[in-house]
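Asker: Starting off with a structure, shown below.
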Amino acid sequence: IRKTICEALNRHKNGKITSILKTTYQDAHVVMLQETASSFVNNLRNDADLSAKYLILSPKGASPKRDQNSLILLDKKVFVADSVTEVTDKILKYDSSKAISSPGDVMAVTATTTGDKTLFMVSFHGDTNGLATKPLMHAILATLKEEYTATNRPMLLIGMDGNTYKEHNEQYQGVLDLQTLLSANGLSSVWGDTPDPLSPTTCNARTYLQPQLNKAVSKKDTFTKGDVNLKDWIVFYKKDFIAVNDSTTRDNTGLATYTNDMVYPTLDFPSDHAVVATTLDAAVSDSSGCLFH
């Protein structure tokens, strides 16, 4: 049993992730990944299919010794390669609380599409309790306000593991409290204006076969005391994008389906966070709103 688990979740983890990207999500124009191993970037770049399809972008400040890096993959047929510029440092400049302390947690770029639309894209992984998520949002908003004018502001797209929880308090960032911030700044997400905290993108619990016994949860308490929370978000300005009706999915199988009350990762799905996928349209409906050609 131990050998089977180790092979599925460790030795062959990268291979399973790349397989899911190359099959289930082969048509994705933008892919944002968080908490990836430093070796995973090389795996992507050495994969003939993925390297042919995507610009594979990692933060310049990421540590090669740290396995919690955020990545962005951009479809080469949609984005102009020469237009891509990393702007992670701009966000960090406006992180006045220094909530983003670990290199690699955030990756941000601007890139122009073949439809001559410039996007400001951010892939982010928050701290365990989610307390860095709101400071990140404030830093992004400050960056757009201070670094761009109303006429040249790029379209905002964020993919993040916000580590948000069902209940909000001083120690944990709540789903609805984050939504209040989004709404107050003209932002929305694929979860709409009233996200359901009981619609999780994580479902797991620590067993007693690990060293931190104070965090262990018995099997019968998995779904009541485990990590069963809506943590993963795709965020954008309402004036920039709209999510196509019924296009947003959660996926904990690697097959674009979600099995309720199932602990993951599994032997087939190597992540402890669900994939969140959606189709976005430009909010402007006339011809000038075409994202790409």
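The values are calculated or read from the model by the stated rules, or taken from the named source; none is laboratory data. Since this is a predicted model, take the numbers as computed values, not measurements. Every residue, glycine among them, receives a Cβ derived from its backbone with ideal geometry; neighbour counts consider all protein chains shown. What goes into the accessible areas is simple: the full protein's heavy atoms, side chains included, and nothing from ligands, DNA or RNA. Shrake-Rupley method; radii C 1.70, N 1.55, O 1.52, S 1.80 Å.
Asker: Can you tell me how many residues in the range 137-147 are under 18 Å from residue 240 (Cβ atoms) and either surrounded by 20 or more Cβ atoms within 10 Å (Cβ to Cβ) or without any contact (Cβ under 8 Å) to a residue 24 or more places away in the chain (or both)? Before the answer, list the steps.
Answerer: Let us first name the residues in the range 137-147 that are under 18 Å from residue 240 (Cβ atoms), namely 137, 140-145, 147.
Retained after the next criterion (residues that are either surrounded by 20 or more Cβ atoms within 10 Å (Cβ to Cβ) or without any contact (Cβ under 8 Å) to a residue 24 or more places away in the chain (or both)): 137, 140, 143, 145.
Here the count works out to 4.
Asker: Working only within the range 95-127, note down all residues that are β-branched (Val, Ile, Thr) and under 18 Å from residue 235 (Cα atoms).
Answerer: Our first condition is that a residue be β-branched (Val, Ile, Thr); within the range 95-127, this holds for 100, 106, 109-110, 112-114, 118, 122.
106, 109, 110, 118, 122, listed by residue number.
Asker: Residues being more than 19 Å from residue 223 (Cβ to Cβ) and either without any contact (Cβ under 8 Å) to a residue 24 or more places away in the chain or not in a loop (DSSP other than H, G, I, E, B) (or both): count how many of those fall in the range 193-208.
Answerer: 2
Asker: OK, next. For the range 136-186, which residues satisfy the criterion of being small (Gly, Ala, Ser), in a helix (DSSP H, G or I) and under 20 Å from the mean Cα position of the chain (by Cα)? Steps first, answer last, please.
Answerer: Step one: of the range 136-186, the residues small (Gly, Ala, Ser) are 139, 142, 150, 159, 162, 174, 183-184, 186.
Next, from what is left, pick out any that are in a helix (DSSP H, G or I): 139, 142, 183-184.
Within the range 136-186, 139, 183 meet the criteria.
Asker: What do you reckon, is residue 226 over 28 Å from residue 80 (Cα atoms), open to solvent by less than 30 Å² (accessible area, probe 1.4 Å), small (Gly, Ala, Ser) and out of contact with any helix residue (DSSP H, G or I) (no Cβ under 7 Å at 6 or more places or on another chain)?
Answerer: Numbers: over 28 Å from residue 80 (Cα atoms): yes; open to solvent by less than 30 Å² (accessible area, probe 1.4 Å): yes; small (Gly, Ala, Ser): yes; out of contact with any helix residue (DSSP H, G or I) (no Cβ under 7 Å at 6 or more places or on another chain): yes.
Yes: the conditions hold for residue 226.
Asker: Consider the range 79-112. How many of its residues are farther than 18 Å from residue 138 by Cα and surrounded by 21 or more Cβ atoms within 10 Å (Cβ to Cβ)?
Answerer: Of the residues in that region, 3 qualify.
Asker: Could I ask something else about it? Could you figure out which of (1) part of a helix (DSSP H, G or I); (2) open to solvent by less than 60 Å² (accessible area, probe 1.4 Å) isn't true of residue 124?
Answerer: It is condition (1) that residue 124 fails.
Asker: So which residues in the range 39-64 are of a type in the set (Gly, Ala, Ser) and either out of contact with any strand residue (DSSP E or B) (no Cβ under 6 Å at 6 or more places or on another chain) or open to solvent by 50 Å² or more (accessible area, probe 1.4 Å) (or both)? Spell out how you get there, then give the answer.
Answerer: Taking the range 39-64 and keeping what is of a type in the set (Gly, Ala, Ser), we get 39, 48, 51-52, 58, 61-63.
39, 48, 51, 52, 61, 63, listed by residue number.
Asker: Also, I was wondering about something else. Of all residues in the range 178-203 being in contact with a Ser or Thr (Cβ under 8 Å, 6 or more places away or on another chain) and open to solvent by 30 Å² or more (accessible area, probe 1.4 Å), which is farthest from residue 233 (Cα to Cα)?
Answerer: Filtering the range 178-203 for residues that are in contact with a Ser or Thr (Cβ under 8 Å, 6 or more places away or on another chain) and open to solvent by 30 Å² or more (accessible area, probe 1.4 Å), the one farthest from residue 233 (Cα to Cα) comes out as 193.
Asker: Another question about this same structure. Could you check the range 230-243 and list, in sequence order, the residues that are within 15 Å of the chain's Cα centre (by Cα) and of a type outside the set (A, V, I, L, M, F, W, C)?
Answerer: Going residue by residue through the range 230-243, those that are within 15 Å of the chain's Cα centre (by Cα) are 230-236.
231, 232 - these are the residues of the range 230-243 that are within 15 Å of the chain's Cα centre (by Cα) and of a type outside the set (A, V, I, L, M, F, W, C).
Asker: Check 261, 246 and return the single one that is of a type in the set (Asp, Glu), open to solvent by 30 Å² or more (accessible area, probe 1.4 Å), within 16 Å of residue 190 (Cα to Cα) and more than 18 Å from the chain's Cα centre (by Cα).
Answerer: Numbers: 261 fails: within 16 Å of residue 190 (Cα to Cα).
None of the other options fit; the residue is 246.
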